[in-house]
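Only the coordinates and a few stated rules stand behind these numbers; no lab work does. Values in this document were obtained by computation on a predicted structure and should not be read as measured data. Don't worry about glycine lacking a Cβ; one is built from the backbone with ideal geometry, like all the others, and counts go over all protein chains shown.
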Amino acid sequence: MKKLLIFIVICSFLFGCQAGEKTQIMNISDENIDEIASVFEEDRRLTNTILIVQQDEVFAAIQVKTLSKFHKRKIENDLKEKVQQVFEVKNVTISADYKATLSSREILQEKNSEEVRGKVEELVALLEEKT
Amino acid sequence: MDDKKYAKLEVIHSPKIPVLKNTVFAFLIGGTICLIGQVISYFYMFYFDFTERTSSNPTVATIVFIAMLLTGFGHYKKIGQIGGAGAAVPISGFANAVVSAAIEHKSEGFVLGVGGNMFKLAGSVILFGVVSAFFVALIKTILVKVGVVSW
């Protein structure tokens, strides 16, 4: 029992320390999106970003550092403004909600661009729900 | 014996309250309840269409349900004895207060017993919760209007 407990504790620490890629990108537009990606990569408040760029829509699921969690809304708005400055598109959605990250990971596995569009639309609608 | 002398004697002979031990246990038990809440919240996000914002409602309902069962089966009082404030402050403590009062007064009937006494303990929590929520919302509305913070 004691060994099992120690094993669980060690596993939890190791899983907590796993280093993933900071920015994961899915680009199904014809544009070069290096500038958008650099907006997220240079932001020190972020720990993880999943960026999905379509022809007329940009969606980003972000994870912020623990103490920045108090300013999630402000960070989302800041990044939205920066993205709109470098990429002229109206539909920009930035979300720091964990559900956005979870669903975006599934979308990254998707091959069909129409499926991606549908799933992103569904996710954006879900994130806009108030209750 | 005058009052001051009596008060001194009382301090000398009363058993000392283990403040540090109580604090550590409250931290551990309260933290564990919150950890369980966090796990339930992630469960709703993983398996259902709930976001971080919306998953709080079913999470609270689930914690209340679990606390209700634990109170009914007589386990929550043991948790309360060890955890103290750590078991009383989270929403599970509120559920415990409601359910234990309902169980206690069941013998007096459903209307005057359960209905009349159910919120005997939890009533003050609701009252002061609503009043403080009103003042917090009022202060935040003023700060947003002034431009100090955003929603």
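So here's what we get for this one:
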| item | result |
| --- | --- |
| Low-density loop positions, chymotrypsin sites (Phe, Trp or Tyr not before Pro), region B:23-116 - DSSP coil, at most 11 other Cβ in 10 Å | B:F48, B:F73 |
| Nearest-ten-degree value, helix B:3-13 long axis tilted from longest Cα axis of chain B | 70 |
| Within region A:65-108, trypsin sites (Lys or Arg not before Pro) in DSSP loop having at most 14 other beta-carbon neighbours inside 10 Å | A:K65, A:K90 |
| Set A:K69/B:K140; A:K82/A:K119; B:K78/B:K140; A:K74/A:K119 screened for pairs whose C-alpha atoms are more than 28 Å apart | B:K78/B:K140 |
| With Cα atoms, 0 to 90° folded angle of helix A:2-16 axis to chain A main axis | 20 |
| Spin-label proximity, B:N117 to region B:62-95 - amide N less than 17 Å from point 7 Å beyond Cα toward beta carbon | B:72 |
| Cβ-based exposure ranking for B:H13, A:H71, B:H75, in which fewest neighbours within 10 Å come first | B:H13, B:H75, A:H71 |
| Fewest-first sequence of A:E21, A:E81 by Cβ atoms within 10 Å of each Cβ | A:E21, A:E81 |
